[in-house]
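Down below is the structure, laid out as structure tokens.
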Amino acid sequence: MNTKNNRRKGKQTGVFIGLTIICLWFLNLSVAISWHLDWFSPITYLLFFFQIHLFTGLFITAHDAMHGTVSQNPTINKAIGQFCTFLYAFFPYDALHKKHHEHHRYVATEQDPDYADAPLCLGIRHPLSYTSALIL
């Protein structure tokens with residue numbers, strides 16, 4: 001029974017971490033927006049530094065959601081992933097999910113949507129394919 005309770009607690013760790021990152025992202029953004037930003041103050045740079053790292057946290061949480069590891073519950077997993085991809089760059093989660101799994105299926109081949117070993121004109125395809133309007 002104790003082992004079962006420990007496993008149950010572990011299943012919620014990803015949700016807790018994901019929601020913590022989301023809340024900290026909003027909190028830091030709110031402080032930065034309401035703060036009188038002074039380019040000579042180290043607080044300004046700390047706020048930007050934390051926000052950049054929290055954007056990274058959103059990306060990692062969305063990535064983990066795409067792999068189904070944020071929550072054992074697929075609905076919660078998808079909801080957190082959708083929210084994180086929206087906050088990160090207004091990306092549509094379902095399209096990203098599809099492309100990300102194509103990437104894992106076809107790593108470093110011409111079918112890989114992240115294929116970076118292509119000539120420069122084809123290499124532009126990668127960043128453009130992840131913008132909301134062109135992702136489909």
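Coordinate-derived values only; no laboratory data. Being a predicted model, the structure only gives us computed values, none of them experimental. Because the Cβ atoms are built from the backbone with ideal geometry, glycine has one as well, and the counts that use them run over all protein chains shown.
Mind listing the phi-derived Karplus ³J(HN,Hα) values for the stretch 64-72, rounded to whole Hz, using 6.51, -1.76 and 1.60 with θ = phi - 60°, and x for any glycine or proline?
Rounded to whole hertz, the list is 5, 5, 4, 8, x, 10, 6, 9, 6.
Please report Cys23, Cys84 as a ranked list, fewest other C-beta atoms within 10 angstrom at the top and most at the bottom.
Cys23, Cys84
Applying 1/(1 + (r/R0)^6) with R0 = 25 Å to the Cβ-Cβ distance of Ile60 and Asp114, what FRET efficiency is obtained, to the nearest 0.05?
It comes to 0.95.
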